Amino acid sequence: LPPELIFEILSCLYYKSDGRVDFPTLAACTLVHSLWTTAAQKLMFHNVPLPDDCSGSDNCKSRAFREALDPSTERGRRLGGYVRRLDIWVGPSPEWHTPAVFVTILRDCPNLYELNFTPVGMYAFEETVLAQLMELCQSTGPHVRALRPIGVGVQSPIIYQLLAVWPSVKFLHLSSELIASPPDEPPGFSLYELTLSRNVPQEITTWFLTRSEASLQILTLRELPGPDLVNTLSRHGPRIRSIRFFDYGKRTAALVRACSNLQEVVLYKLASVRDLDLPPSVEHLSFRTPFWEKTPKHALRPILEVIPTLPALWLVTGDQDIRGYEEWPLLQHMCEERGVTLASDGLSALLPEDPILPDKFPRGRSVSNFRYIN
């Protein structure tokens, strides 16, 4: 078989049903035949999780990964060129990746697209490390497009430091609270997507979106927004194409009304929805219930009521338990009658989608998105 066809076949094994990468199967595929090795390695090295450095361990994934990416060899440069996603824990202690090791790993991954960064026991980068990161970004790269800082201290400037290094960031996921004041100078980045796992002060949100008035198209809120946040985000409403939220209340409804050109609405906690008022432009409606929530008996009632008001709707997506809802037969009949596709998946509400700007929603998590992750 030609290499391209082998890659397409192995791509079918990349994600498990829950949306997570099936590393054991891909690793097994590298051992089947030499013709499979390159394709399987390209898939395996696309997404690299490095939670710790394990310097004292004989069985160390991090050390093996760094040795495999030896830039003095053709193989090492090739494997490093495959890396598009990196999930890394960085801290001063030897049990984590030190800032110096972090810089080295980035140097060996020039095509890195998405960085999930967890600092451990670390308040800020030292100026020498920042200078090295800046120099790297301005020369060989990587030019990170998607940034997700995780567990950053509320008063830490690390998020601002990373964004100063990579003005190329278009997809920003804030996973924790933040009260550290933003820099005095305006940001150099403009965002396609903003995800707020926790509400942040209006001053900070305004700073993040300073240069995003013409670019912001995807918005995710994991908490009920306050009135100030609604006012700030509503100014971007007409350009928002996709919005997703955990809790649906009066202020969330007001924000949705400001998004007059929505193409996608994702409800991560269906139990919070009572009356759903959506613009007629919506093409994809998705709903699910987190594993820690109990689904109400009549949870689909708001979905059934809003579907007839959406003439552009072509797809409704639910979680894997969609057939367990009491109103499932009514939903199935309504979708069939209107020519709307009804689908379900096992993706967790906490699992991020691929950070891309698609021509058409939904994005999901798919190997077919790899062509955008460059």
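The values are calculated or read from the model by the stated rules, or taken from the named source; none is laboratory data. Predicted model only: the values in this text are computed from it and were never measured. Every residue, glycine among them, receives a Cβ derived from its backbone with ideal geometry; neighbour counts consider all protein chains shown. For the accessible areas, the whole protein counts, side chains as well, though only heavy atoms, and no ligand, DNA or RNA atoms are used. Shrake-Rupley method; radii C 1.70, N 1.55, O 1.52, S 1.80 Å.
Against the list (1) in a loop (DSSP other than H, G, I, E, B); (2) open to solvent by 10 Å² or more (accessible area, probe 1.4 Å); (3) of a type outside the set (A, V, I, L, M, F, W, C); (4) under 23 Å from ILE356 (Cα atoms), the condition ASP87 fails is (1). If I filter the stretch 104-130 down to residues being polar (S, T, N, Q) and within 24 Å of LEU357 (Cβ to Cβ), which single residue comes out as least open to solvent (accessible area, probe 1.4 Å)? Only one residue fits best here, namely ASN116. Being touching an Asp or Glu at 6+ places or on another chain (Cβ under 8 Å), of a type in the set (S, T, N, Q), open to solvent by 50 Å² or more (accessible area, probe 1.4 Å) and in the same structural domain as HIS143 (by the TED database) is a condition met by at least one residue of the stretch 44-56.
Within the stretch 191-203, the only residue that satisfies the criterion of being open to solvent by 30 Å² or more (accessible area, probe 1.4 Å) and within 24 Å of GLY141 (Cβ to Cβ) is TYR192. Regarding LEU106, is this residue assigned to a helix (DSSP H, G or I), within 16 Å of VAL165 (Cα to Cα) and either touching a residue at least 60 places away in the same chain (Cβ under 8 Å) or touching a strand residue (DSSP E or B) at 6+ places or on another chain (Cβ under 9 Å) (or both)? Yes; evaluated as a whole, the condition is true for this residue. One residue alone among THR25, THR37, THR30, THR104 is of a type in the set (S, T, N, Q) and assigned by the TED database to the domain that holds SER344, and that residue is THR104.
In the stretch 69-99, of all residues being under 26 Å from the mean Cα position of the chain (by Cα) and small (Gly, Ala, Ser), the one that is modelled with the lowest pLDDT corresponds to GLY91. Do we have THR252 as β-branched (Val, Ile, Thr), under 22 Å from the mean Cα position of the chain (by Cα) and on the phi < 0 side of the Ramachandran plot here? Yes, satisfied.
Within the stretch 236-251, the set of residues being open to solvent by 40 Å² or more (accessible area, probe 1.4 Å) and under 18 Å from HIS284 (Cβ atoms) comprises ARG239 only. Please verify whether the stretch 173-190 includes one or more residues that are open to solvent by 40 Å² or more (accessible area, probe 1.4 Å), without any contact (Cβ under 8 Å) to a residue 40 or more places away in the chain and not in a loop (DSSP other than H, G, I, E, B). No, the stretch 173-190 contains no residue that is open to solvent by 40 Å² or more (accessible area, probe 1.4 Å), without any contact (Cβ under 8 Å) to a residue 40 or more places away in the chain and not in a loop (DSSP other than H, G, I, E, B). Examine the stretch 208-222 for a residue that is without any contact (Cβ under 8 Å) to a residue 24 or more places away in the chain and closer than 27 Å to GLY91 by Cβ, and state whether such a residue exists. No: the stretch 208-222 contains no residue that is without any contact (Cβ under 8 Å) to a residue 24 or more places away in the chain and closer than 27 Å to GLY91 by Cβ.
Of all residues in the stretch 90-103, exactly one satisfies the criterion of being open to solvent by 50 Å² or more (accessible area, probe 1.4 Å) and either among the β-branched types (Val, Ile, Thr) or part of a helix (DSSP H, G or I) (or both), namely ALA100. Taken over the stretch 11-36, the criterion of being buried (at least 16 other Cβ atoms within 10 Å of the Cβ), among the hydroxyl-bearing types (Ser, Thr, Tyr) and not in a loop (DSSP other than H, G, I, E, B) is satisfied by SER11, TYR15. Consider the stretch 287-316 and keep the residues that are among the hydroxyl-bearing types (Ser, Thr, Tyr) and at pLDDT below 95. The one that is nearest to the chain's Cα centre (by Cα) is THR289.
Residues of the stretch 318-369 that are crowded, with 20+ Cβ neighbours inside 10 Å, modelled with pLDDT under 95 and among the β-branched types (Val, Ile, Thr): ILE322 alone. Does VAL266 meet the test of being assigned to a strand (DSSP E or B) and assigned by the TED database to the domain that holds THR195? When the stated conditions are applied, VAL266 passes them.
The one condition from (1) over 23 Å from SER366 (Cα atoms); (2) open to solvent by 40 Å² or more (accessible area, probe 1.4 Å); (3) within 18 Å of the chain's Cα centre (by Cα) that ARG148 does not meet is (1).
Selection of the stretch 204-235 for residues being open to solvent by 20 Å² or more (accessible area, probe 1.4 Å) and either outside the structural domain of VAL266 (by the TED database) or in contact with a Leu (Cβ under 7 Å, 6 or more places away or on another chain) (or both) yields GLN217, ARG222, SER234.
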